[in-house]
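Structure first, then comments.
The values are calculated or read from the model by the stated rules, or taken from the named source; none is laboratory data. Remember, predicted model here, so these are calculated numbers, not experimental data. When we count neighbours, we look across all protein chains shown, and the Cβ atoms used for this are built from the backbone with ideal geometry, even at glycine. Just the protein is used for accessible areas: all its heavy atoms, side chains included, with ligands, DNA and RNA removed. Shrake-Rupley method; radii C 1.70, N 1.55, O 1.52, S 1.80 Å.
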Amino acid sequence: MKKILLTGGTGLVGSRLIESADYEFYILTRSDKEDSRNVRYINWTNDDYLSSIPEVELIINLAGASLSKRWTQAHKEAIVDSRVESTKKLGAIIERQQKKPFLISASAVGYYPPAKHLTYTEAHYFEAFDFLSKTVHLWEQAAAQLDVPTAYCRFGVVFSHQGGALPLMVKPYQLYLGGNIGDGQQVYSWIHIDDLIRALLFIYDQQLTGVYNCTAPQPATQEEVGKAIAEVLHKPHLIPVPEVMLKTLLGDQAIMVTEGQRVLPDKLTAAGFRFNYPTIKEAITNLYG
C-alpha cells in the first residue's frame, strides 16, 4: 500500500482525501491523536518526530491557518507564517528520504488579480499585488526550495457541504434571505471537493509537475451560484447584500466574496483529467439536492 505524508490532514480537504483514497496516511499534527486503521498521526512539535516518518511516495502539503477567521493583523501574519514555515519544515523530512518523494503543494487562485471580464490560465504570470497574492507567492517559493518533483496546485473555492465556503453561502437561502452580493457579477472559480481529490491523485499518478489550476472548467458569477443554490433548495433569490455592508463587517476579508477571478484548469484538462461536476448546477445538486 502506498504511503502518503499529509500536512493539514485534519482539515476539509485532507479529511476527504483520507475518506476517499485507499492509501496509508501519515499526518503531521501539532497535538497527539489516536491512530486509526490506515492513519498514523505524528506530532511534529516533538523533538524526535522525524524518526516516526517512514519512506513515503507522496507528500501533500495542505497546512495553513484558516482564511475564515477575521483578518486581524495578527491573523494575517498567522496565515502567511503557517503556510511558509510548515512548507520549509518539510525540508528536514525530505532529506531523510532515500528516494525523493513527489510533492503536491497546495496554493490558491488568489495568485491571479480580481477581474470580472478577464480569463486566466496557468500561462499567466503576475507579481504579488495584495495580501492573498503575496501569501501565494511566498508559499510557492518555499515549496520550490525543497528540490523534489513538485506540483503547485492553485485551489479555487472548494465546494463541500461539510465545511468551507459553501455552507456559509447556503445559509441565507435556508433562511429565505438569499440574493446577490453587490452586483453579483464577481466571478467565483470553484471546484467540487471530490473533483479536487481526484485531481490531486491524478496529478500524482501522472507525475505532473509545475503549476496546475484546480478549478472547475466553468467558473460562475456569484449570481449564478446563488440562483443554483436557490433552485436546488427551492428558495428565493431576492434579497441583495450591499457590498459596503460586507466591507464594514469583514474588513479586508470581504474581498473573498466581493471580488473574484475567472481561472481555468487548462493544464489539467489538456493532461486528460475529466471533471465529474463541471458546472455549478451539477455540483450544488450533488451536494444539496
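Brief remarks on what is shown
- The local environment of G178, defined by Cβ-Cβ distances under 15 Å, has a net charge of 0 under the rule Lys, Arg +1 and Asp, Glu -1.
- Electrostatic dipole magnitude of the range 21-115 [Cβ: Lys, Arg +1; Asp, Glu -1; Cα centre; debye, to 20]: 400 debye
- Net charge of the neighbourhood of N286, taken over other residues with C-beta under 12 Å away and scored Lys/Arg +1, Asp/Glu -1, is -2.
- Listed residues P278, I203, S66: farthest to the positive end of the dipole of the chain (Cβ charges): P278
- Counting only heavy atoms of the protein chains and using a 1.4 Å probe, S68 has close to 80 Å² of accessible surface.
- For A65, the amide hydrogen comes within under 5 Å of the amide hydrogens of S82, R83, counting only partners 5 or more places away or on other chains and with H modelled in the peptide plane.
- Our coupling estimate for the range 208-217, obtained by passing each phi through the Karplus curve with A = 6.51, B = -1.76, C = 1.60 and θ = phi - 60°, is 8, 10, x, 7, 9, 7, 9, 9, 5, x Hz, Gly and Pro reported as x.
- The chain, accessible area per residue, ligands and nucleic acids excluded (1.4 Å, Å²): 47 Å²
- Only protein heavy atoms count here; under a 1.4 Å probe, D147 has an accessible surface of about 100 Å².
- Using C-alpha pairs under 8 Å with a sequence gap of at least 6, the mean separation divided by the residue count of the chain gives a relative contact order of 18 percent.
- ³J(HN,Hα), Karplus 6.51/-1.76/1.60, whole Hz, each residue of the range 260-266, x for Gly, Pro: x, 8, 8, 10, 10, x, 4
- In the range 209-280, the trypsin sites (Lys or Arg not before Pro) that fall in loop regions by DSSP, at most 15 other Cβ within 10 Å: R274
- If you sort V80, V263 by accessible surface, 1.4 Å probe, largest first, the order is V80, V263.
- Only Lys, Arg, Asp and Glu carry charge here, each on its Cβ (+1 for the first two, -1 for the last two); on that basis the range 115-230 has a dipole of about 280 debye about its Cα centre.
- Taking a sphere under 12 Å around the Cβ of V56 and counting the other residues whose Cβ falls inside, with K and R at +1 and D and E at -1, yields a net charge of +3.
- Calculated mean residue ellipticity, 222 nm, the chain: -11000 deg cm²/dmol, from DSSP H runs (n ≥ 4) at -39500 (n - 2.57) each, averaged per residue and rounded to 500.
- When a 1.4 Å probe is rolled over the protein heavy atoms, the share of accessible surface on the range 1-106 that falls to carbon and sulfur comes to 44 percent.
- Tensor-based shape of the range 219-289 (alpha-carbon gyration tensor, a/c under 1.5 rounded, otherwise prolate or oblate): oblate
- Accessible area of W44 in the full protein assembly, 1.4 Å probe (Å², nearest 10): 10 Å²
- Net dipole in debye of the chain [+1 Lys, Arg Cβ; -1 Asp, Glu Cβ; about Cα centre; nearest 20]: 220 debye
- Residue with peak Gaussian network fluctuation, the chain [Cα springs, cutoff 10 Å], from I94, I104, I239: I239
- Whole-number D in µm² s⁻¹ for the range 98-194, Kirkwood Cα-pair radius fed into Stokes-Einstein, 20 °C, 1.002 mPa s: 135 µm²/s
- Estimated vicinal HN-Hα couplings, Hz - the range 4-9 in sequence order (Karplus 6.51, -1.76, 1.60; Gly, Pro = x): 10, 9, 10, 9, x, x
- Ranking E259, E223, E77 from most to least accessible surface, computed with a 1.4 Å probe over the protein chains only, gives E77, E259, E223.
- A convex hull fitted to the Cα coordinates of the range 160-289 yields 103 cubic angstrom per residue.
- Protein-only accessible surface order, largest first, of K2, K100 at 1.4 Å: K100, K2
- Shape class of the range 105-152 from the alpha-carbon gyration tensor: prolate, with a/c at 1.5 or above and a/b greater than b/c.
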